[in-house]
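Undergrad: Can you keep this structure in mind? I'll have questions shortly.
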Amino acid sequence: MADQSKVAERIRTYRERLGMSEADLAAKSGVAEEVVKSVEAGEVLPALGVLTKLSRALGQRLGTFMDDQFKPDPIVTRADSRASAEVPSAGRTEDGYTYYSLALGKPDRHLDPFFVELPADLPERPASHEGEELIICISGEVELEYGTGKTVLKPGDSAYYNSVVKHALRALGGKPASIYGIVYMPF
């Protein structure tokens, strides 16, 4: 798992390589300048949505900022060792999700696969970003808000969608839920 200081250093390094100021990165990514400054100072770990916006604005894939090491193919993530693959997300306290990368160590990937735990009864916070997503419900019931519609997914159900449309997930029934989520962002 990449820690706060590594994420901060990587974002700052890529921004500086491009000759961008923090204000430029904020404007290009749509992330508030105060948040960019806090992330680069190592004060917070950005939520996955924020990290996605920053990575796109910097012309990098999401994993560039999360991977700590290179591993040869195939990348195998055992269910009982997912905790070691937890993705940095200061937003966990805000959005409540816990993300676990299923591809740590594969720098040449084109997809970012995750195991995601959604706690019970969190409010929806729709977001959008470039690319596409595939989610597969593993446990519990998950409501997908997509644009103006809502769909309930049960274990084994999946949804594939264009992620430029505002979308949000939440666990239903007062119980937590879990999903596999695969994010594709074109370069």
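The numbers here are math on the coordinates, done by the rules we state, and not lab data. Everything numeric in this text was worked out from a predicted model, so none of it was measured. Virtual Cβ from ideal backbone geometry, glycine too; neighbours counted across all protein chains shown.
Undergrad: What number of residues in the stretch 112-168 are assigned to a loop (DSSP other than H, G, I, E, B) and free of Cβ contacts under 8 Å to residues at least 40 places away in the same chain?
TA: So the count comes out to 12.
Undergrad: OK, next. Just checking, which of Ala23, Ala32, Ala47, Ala41 is touching an Asp or Glu at 6+ places or on another chain (Cβ under 8 Å) and either of a type in the set (S, T, N, Q) or surrounded by fewer than 20 Cβ atoms within 10 Å (Cβ to Cβ) (or both)?
TA: Only one candidate qualifies: Ala23.
Undergrad: A further question on this structure: Quick test for you: out of Ser139, Ser163, Ser178, Ser158, pick the one residue that is over 26 Å from Gly30 (Cα atoms), touching a strand residue (DSSP E or B) at 6+ places or on another chain (Cβ under 8 Å), polar (S, T, N, Q) and buried (at least 16 other Cβ atoms within 10 Å of the Cβ).
TA: Result of the check over Ser139, Ser163, Ser178, Ser158: Ser178.
Undergrad: I need the full set of residues from the stretch 54-78 which are touching a residue at least 60 places away in the same chain (Cβ under 8 Å), surrounded by 20 or more Cβ atoms within 10 Å (Cβ to Cβ) and more than 19 Å from Ser5 (Cα to Cα), in order please.
TA: Once the filter is applied, which keeps residues that are touching a residue at least 60 places away in the same chain (Cβ under 8 Å), surrounded by 20 or more Cβ atoms within 10 Å (Cβ to Cβ) and more than 19 Å from Ser5 (Cα to Cα), the stretch 54-78 yields only Arg56.
Undergrad: Failed condition for Thr148, given (1) surrounded by fewer than 15 Cβ atoms within 10 Å (Cβ to Cβ); (2) of a type in the set (Ser, Thr, Tyr); (3) under 16 Å from the mean Cα position of the chain (by Cα), with all others met?
TA: Condition (3) is where Thr148 drops out.
Undergrad: Within the stretch 11-64, which residues are touching a Ser or Thr at 6+ places or on another chain (Cβ under 6 Å) and part of a helix (DSSP H, G or I)?
TA: Result: Leu48, Lys53, Leu54, Ala57, Leu62.
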